[in-house]
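Working notes for the structure below.
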Amino acid sequence: EPEVTQTPSHQVTQMGQEVILRCVPISNHLYFYWYRQILGQKVEFLVSFYNNEISEKSEIFDDQFSVERPDGSNFTLKIRSTKLEDSAMYFCASSVQAGGEQFFGPGTRLTVL
Amino acid sequence: GESVGLHLPTLSVQEGDNSIINCAYSNSASDYFIWYKQESGKGPQFIIDIRSNMDKRQGQRVTVLLNKTVKHLSLQIAATQPGDSAVYFCAERDDTLTFGKGTMLLVSP
């Protein structure tokens, strides 16, 4: 069964460093999403992406964040200068159509020291 | 009810019992609702969804009830099994998905 994959599973970085979180969405999906979940908190929407453009973004997704689909399979989330409060699980998701069922990856745990 | 920080509401049941998990949503413009299951160390997994023009939808061992009048959603799991132990949360969709904080379901053998 096709699934969304994410790498790495755990990323440890120093405050102020740039990190890139990688996702491979399901191959025939056209809509891509990033969410984050701070430990013990609810899952929060960050950004949605379609046709090489951001469709929606939340207040969390500020200028420190960017997304890219560098090739036909990868979807990345970059945090330019990490802060302690960026420590969280980051989930990628994809869907066939807008508003359709979103399939989530296993997440990347980002720890900022 | 809602919890803050690391504390999630917890529902403890015995194997074979029926479980009911509740969720209150806030946006009356939301037209689509989903229940997700999240096991430790994994991403959210779709369980069942319901559109706002329905008040009940059944799946395999799961039923979702929607009460738009009071903005309340519930998930019923029949014959709960130890493998159902996880955090369950609802999500509502307007333009984007907004998730609730979740309820931890603990199923004892």
At what distance in nm do the modelled label points of residue B:39 and residue A:28 sit from each other, each positioned 7 Å from its Cα along Cα→Cβ? 2.6
Could you sort A:3, B:92 by accessible area so the largest value comes first, with the probe set to 1.4 Å? A:3, B:92
Using protein chains only (no ligands, no nucleic acids) and a 1.4 Å probe, work out which residues of region A:32-72 have their accessible area cut by at least 10 Å² relative to the chain alone. A:35, A:37, A:39, A:40, A:41, A:42, A:43, A:45, A:56
Please report the accessible area of residue A:33 (heavy atoms, 1.4 Å probe, ligands and nucleic acids excluded) in Å², nearest 10. 20
Could you tell me the distance between the Cα centroids of region B:33-109 and region A:1-72, to the nearest Å? 23
Give the B-A buried accessible area in Å², both sides summed, 1.4 Å probe, nearest 100. 1500
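Report the net charge of residues surrounding residue A:37, where surrounding means a beta-carbon distance below 11 angstrom and charges are Lys +1, Arg +1, Asp -1, Glu -1.
Numbers: positive: A:36, A:42, A:109, B:101; negative: A:44.
Computed value for this residue: +3.
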Just reorder B:20, B:48 by solvent-accessible area, largest first, 1.4 Å probe, all chains present. B:20, B:48
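May I ask you to derive the FRET efficiency for residue A:42 and residue A:71 from their Cβ-Cβ distance with R0 = 35 Å, giving the value to the nearest 0.05?
Here the calculated transfer efficiency is 0.65.
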Summing +1 per Lys or Arg and -1 per Asp or Glu among the other residues with Cβ less than 13 Å from residue A:9's Cβ gives +3
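The values are calculated or read from the model by the stated rules, or taken from the named source; none is laboratory data. All figures in this text were calculated on a predicted structure; none of them were measured in a lab. Note: ideal-geometry Cβ built from the backbone for every residue, glycine included; neighbour counts use all protein chains shown. Accessible surface is based on the protein model in full, side chains and every heavy atom, while ligands, DNA and RNA are left aside. Shrake-Rupley method; radii C 1.70, N 1.55, O 1.52, S 1.80 Å.
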